[in-house]
Amino acid sequence: MSSLQKITTGDGSVTFKNVELDETYHSISGAAQEALLKHVMPSGVLEHEDAVIGDVCFGLGYNLIVAIAEHQKKFPKGQLQIFAFENDKDILEKINEINYGVYEPAAGKIRELLNNRIERMLSYDIYFYEDDALTITLYRGDVKETLPLLASEVLEVVFFDPFSPKKQPELWSTDLLEVVYEVMEKDAVLTTYSCARVVRDNLKTVGFTVEDGPIVGRNSPGTLAIKRFLFD
C-alpha cells in the first residue's frame, strides 16, 4: 500500500497525505492558496523583476509553480533563478498525477525539470531546467548535504516547507537553519507555515529577525524570518 494518499483541498487543488507521518503536504483549505498567500506574496518575490529563490523541501512543487506563474505574469521580461531541495523521490513522481489548474503551464516546466537529470552523484541527483526567463536546479537528496553546495549569500527568498517540527525535528534544527542563513543574502526573507516556539527560537538563535506571517488555512500565523545584521 502506498504511503501517499491523494486529497483534494478546499480550493480544488490536489495535495497528498503522508500516511506514515500522518501529515498532509499542504493545508487542506487549499494547496495553491497556501502557496500564494503564505509563501509567494509575503516573501516579496513579486516586488522584484529579477530574483533568486531557494525552496527547501520542494514536495509537490506548489510554492515554486505558483511563484513562477505569478512572477512571469507581473514581470514578462523578468528573470528567476531557482535552487530546490527534496529528498523524497516518491512525492516528486506524484507531480505527474496532478492537474495544477491555472498553474499548469508553470507545472509543465517542473515536469521538464524532473525529466532532465544532469548528474547522478553517490548520494544525490541533480536536475536542471532552463529557458529565456528561468533556470531551476533541483537537488534530490538529503538537504543537510545538498544545501551547503550553494555559495554563501546567494538566495534572496527561501520557501521553507518541511513537515512539522514534531515529525521532522532535524529539519528545523539550528544546524540546518545556520546553513540556510549562510546561503541567504542580507535582507533576504524566509517564509514558513510554522509558528512553533522551537522554530522561532531556533531561527532567532542563528541570527534571523522573526515576524508573524499571514494566517492562511489555520488559526495561527505563519512565520517570516529576515536576515538582518546588527547595526544596520
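Considering region 161-232, the qualifying strands (runs of 3 or more DSSP E), each wholly inside and each with 2 or more residues that are more than 16 Å from Tyr25 (Cα to Cα) and over 16 Å from the mean Cα position of the chain (by Cα), run over 184-192, 209-212.
Per the listing Tyr124, Tyr139, the residue uniquely within 28 Å of Ser13 (Cα to Cα) and of a type outside the set (A, V, I, L, M) is Tyr139. Close contacts from region 13-37, counting a first residue that is closer than 25 Å to Asp212 by Cβ and at pLDDT below 85 and a second that is part of a loop (DSSP other than H, G, I, E, B) and basic (Lys, Arg), with Cβ to Cβ under 7 Å and a gap of 6+ residues or different chains, come to Glu23/Lys167; Ser27/Arg218.
Within the option set Val52, Val66, being in a helix (DSSP H, G or I) and modelled with pLDDT of 95 or more holds for one residue only, Val66.
The condition (being surrounded by fewer than 23 Cβ atoms within 10 Å (Cβ to Cβ), farther than 17 Å from Phe159 by Cα, without any contact (Cβ under 8 Å) to a residue 12 or more places away in the chain and among the charged types (D, E, K, R)) is satisfied by just one residue among Glu104, Glu97: Glu104. In the condition set (1) modelled with pLDDT under 95; (2) of a type in the set (Ser, Thr, Tyr); (3) closer than 28 Å to His48 by Cα, Thr191 is compliant with all but (1). In region 194-232, the qualifying residues are those that are among the basic types (Lys, Arg) and modelled with pLDDT of 95 or more, and the one that is surrounded by the fewest Cβ atoms within 10 Å (Cβ to Cβ) is Arg197. Inside region 127-147, residues that are farther than 17 Å from Ile95 by Cα, more than 16 Å from the chain's Cα centre (by Cα) and not in a loop (DSSP other than H, G, I, E, B) make up a count of 4. Reported count of residues in region 195-211, each being within 24 Å of Ala51 (Cα to Cα) and in contact with a strand residue (DSSP E or B) (Cβ under 7 Å, 6 or more places away or on another chain), is 5.
For region 80-94, the set of residues classified as within 25 Å of Pro148 (Cβ to Cβ) and in contact (Cβ under 8 Å) with a residue 40 or more places away in the chain consists of Leu80, Gln81, Ile82, Phe83, Ala84, Phe85, Glu86, Asn87, Lys89, Asp90, Ile91, Leu92, listed by residue number. Taking region 12-47 as the range and being in a loop (DSSP other than H, G, I, E, B) and crowded, with 17+ Cβ neighbours inside 10 Å as the test, the residues that pass are Ser13, Tyr25, His26, Ser27, Gly30, Gly44. Suppose the filter is in contact (Cβ under 8 Å) with a residue 24 or more places away in the chain, surrounded by 14 or more Cβ atoms within 10 Å (Cβ to Cβ) and at positive phi; does Glu182 pass it? For Glu182, the condition - in contact (Cβ under 8 Å) with a residue 24 or more places away in the chain, surrounded by 14 or more Cβ atoms within 10 Å (Cβ to Cβ) and at positive phi - is not met.
The values are calculated or read from the model by the stated rules, or taken from the named source; none is laboratory data. Quick caveat, the model's predicted, so the values are computed rather than measured. Cβ atoms come from the backbone with ideal geometry, glycine included; neighbour counts cover every protein chain shown.
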